[in-house]
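A.B. asks: Here's a structure for you.
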Amino acid sequence: MTQDWKSAVSRRPVLSGILAVFGVAIMGSIALEAPRLARRRYKPGPFDDLLAKLPDRDNGGRVGAAVIAEMPEFGATRTAQRLRAKLAATSLADAMSADLAQNRLVEVRGWILPDTLANLCALAAKAA
């Protein structure tokens with residue numbers, strides 16, 4: 001006697017396998033999207049394209065407040081134009097490395113910062 005394949009396969013293992021695959025897919029989606037959804041949201045501003053390059057915008061703003069206190073001639077629009085031109089062709093890390101190599105440094109409350117990072121932090125302080 002030959003047995004039909006439908007009677008050899010029961011429904012419960014097939015359904016539980018399908019549900020397990022969907023469960024794993026849903027958990028994977030949640031794991032991938034959770035950091036993006038948990039990130040702090042900021043009100044839109046004119047410097048968002050530049051401030052997105054900062055890994056921590058809040059602490060960058062704190063450093064930027066100290067930078068602005070040291071540089072009373074700081075102009076946000078002029079600085080943003082210079083940073084956009086500089087960071088259009090290179091990454092933030094490469095721009096900071098170039099600042100270090102060319103000795104373009106800013107001293108802020110005893111800390112020595114690359115010029116690009118100091119100006120980017122100052123923009124974060126202005127945007128806050």
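A.B. asks: Looking at the structure I just gave you, is ARG62 more than 15 Å from ALA128 (Cα to Cα) and in a helix (DSSP H, G or I)?
C.D. replies: On the way: more than 15 Å from ALA128 (Cα to Cα): no; in a helix (DSSP H, G or I): yes.
Here the answer is no, as ARG62 does not meet what is asked.
A.B. asks: So ARG57 ticks every box in (1) modelled with pLDDT of 90 or more; (2) surrounded by 10 or more Cβ atoms within 10 Å (Cβ to Cβ) but one. Which box is left unticked?
C.D. replies: (1)
A.B. asks: Step by step: first the residues of the range 100-121, then only those that are among the hydrophobic types (A, V, I, L, M, F, W, C) and in a helix (DSSP H, G or I), then the one that is farthest from LYS53 (Cα to Cα). Which residue is that?
C.D. replies: Let us first name the residues in the range 100-121 that are among the hydrophobic types (A, V, I, L, M, F, W, C), namely 100-101, 105-106, 108, 111-113, 117-118, 120-121.
In the following step, the residues that additionally are in a helix (DSSP H, G or I) were identified as 100-101, 117-118, 120-121.
On the way: LEU100: 18, ALA101: 21, LEU117: 10, ALA118: 13, LEU120: 9, CYS121: 10 Å.
Here the answer is ALA101.
A.B. asks: Tally up the residues in the range 78-99 that are free of Cβ contacts under 8 Å to residues at least 24 places away in the same chain, in a helix (DSSP H, G or I) and surrounded by fewer than 16 Cβ atoms within 10 Å (Cβ to Cβ), please.
C.D. replies: Residues in the range 78-99 being free of Cβ contacts under 8 Å to residues at least 24 places away in the same chain, in a helix (DSSP H, G or I) and surrounded by fewer than 16 Cβ atoms within 10 Å (Cβ to Cβ): 7 in total.
A.B. asks: Kindly list, by first and then second residue, each pair from a residue in the range 102-115 that is in contact (Cβ under 8 Å) with a residue 40 or more places away in the chain to a residue that is in a strand (DSSP E or B) and among the aliphatic types (A, V, I, L, M), limited to pairs with Cβ atoms under 8 Å and residues at least 6 apart or on different chains.
C.D. replies: LEU113/LEU105; LEU113/VAL106
The values are calculated or read from the model by the stated rules, or taken from the named source; none is laboratory data. Note that the structure is a prediction, hence the values are computed from the model and not measured. When we count neighbours, we look across all protein chains shown, and the Cβ atoms used for this are built from the backbone with ideal geometry, even at glycine.
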